[in-house]
Amino acid sequence: MGQRVHHLNCISTCPLGGAIMDGRGGAGLRGRLTCHCVLVETATELVLVDTGFGLRDVADPPSRLSKFFLFLLRPEFREEMTAIRQIQRLNYDPRDVRHIVLTHLDFDHAGGLDDFPHATVHLLEAERSYATAQRTMLDRMRFRPQQWSTQRNWRTYAYGQGERWHGFHAVRDLQGLPPDILMIPLVGHTFGHAGVAIRRRNGWLLDAGDAYFYHHEMDVLPGCTPGLRFYQWMMEKDRPERLLNQERLRLLCLERSDQVKVFCAHDAVEFERLTGRAAAEPPSASRRPFSIETHAW
Ligand SMILES: [Zn+2]
């Protein structure tokens, strides 16, 4: 079975550091990273994987986001790049987004939740419990409860239950969703971080979220920019698990690239390779939602 999939960059960030962060430069002291979300059209409804930044983040950033991350990442707050506006541009009704699957609850993944108040939000229980505990100063800056008006619709899953899938364990399907969408625990960046696998006609897509940040990290001889290496170190909750999961992802990319296509949330090169369009551009309008499949991946 194949499902129609749209890749959406739900607002770029412009991190301090330029090429030291994104490996490309081009914007002087500021680099460019994506917030790569995926819209899946099943037979009857829409499923959104991660939400990027949302309308309320665009309207009033200081009320939603920490000063520290606003300064460090300086998101490019263009309303047309929010998930809800891109979904409307594709001629879908945002009310058809019945499910949201979250890789984790960081501010740059959960900001659009409030734009889909009726959706059921699927995430690992460990993510919910650590994010809501607000234990450290960094936790309070990265996990922003003001973005979570959907909290009463959250459906959480215990880590450990599930099956094996391409070298990963505790992989599970999600309540109310077809078995073509799977949650793949990829703990490390946060305690409840997960990837999301989506079955396509000719293989799987694996959205690895923030399990890695830079496309060369998936090479045989992995490499990363100093800036993104530092950022991942600063944000990691479980370093051994994070590195182990990166190794598993690397193996998957090297050995099964014909069966599974892996990408992460913030790499603009991967986004542009997958979509064939610049990360700063919204998708072009689609005339026939809930119709035939059009994309190979
Ligand atoms: Zn992120």
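The values are calculated or read from the model by the stated rules, or taken from the named source; none is laboratory data. Bear in mind that the values here come from a model prediction, so they are computed numbers and not experimental data. Reconstructed Cβ throughout: ideal geometry from the backbone, glycine too, with neighbour counts over all protein chains shown. Accessible surface areas use protein heavy atoms only, side chains included; no ligands, DNA or RNA. Shrake-Rupley method; radii C 1.70, N 1.55, O 1.52, S 1.80 Å.
Quick rundown of the values:
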{"quantity": "Förster-model FRET efficiency, 30 Å R0, Arg164 and Ala278, C-beta, rounded to 0.05", "calculated": "0.20"}
{"quantity": "Ratio of the Cα radius of gyration of the stretch 161-263 to 2.2 N^0.38 Å, where N counts its residues", "calculated": "1.06"}
{"quantity": "Whole-Å distance, taken between Cα centres, linking the stretch 103-154 and the stretch 69-101", "calculated": "16 Å"}
{"quantity": "Stokes-Einstein D for the chain, Kirkwood Rh over Cα pairs, 25 °C, 0.890 mPa s (µm²/s)", "calculated": "130 µm²/s"}
{"quantity": "Per residue solvent-accessible surface (Å²) - the chain, probe of 1.4 Å", "calculated": "41 Å²"}
{"quantity": "Relative contact order (%) - the chain, alpha-carbon pairs under 8 angstrom, separation at least six", "calculated": "20 percent"}
{"quantity": "Centre separation in Å (Cα based) which lies between the stretch 222-245 and the stretch 166-184", "calculated": "25 Å"}
{"quantity": "Carbon plus sulfur fraction of accessible area for the chain, probe 1.4 Å, in percent", "calculated": "53 percent"}
{"quantity": "Difference of contour (0.36 nm per residue) and Cα-Cα distance, Arg239 to Leu29", "calculated": "72.7 nm"}
{"quantity": "Residues with amide H under 5 Å from that of Val260, placed H, sequence gap 5 or more", "calculated": "Trp204"}
{"quantity": "Quarter of Cα convex hull surface for the stretch 91-248, i.e. mean projection, nm²", "calculated": "10.5 nm²"}
{"quantity": "Virtual spin-label span in nm between Arg74 and Asn91, 7 Å along Cα→Cβ", "calculated": "3.9 nm"}
{"quantity": "Helix-only CD estimate at 222 nm, as mean residue ellipticity for the chain, using -39500 (n - 2.57) per DSSP H run (n ≥ 4)", "calculated": "-7000 deg cm²/dmol"}
{"quantity": "Projected label distance in nm at Leu221 and Gln259, using a 7 Å step from Cα toward the beta-carbon", "calculated": "2.9 nm"}
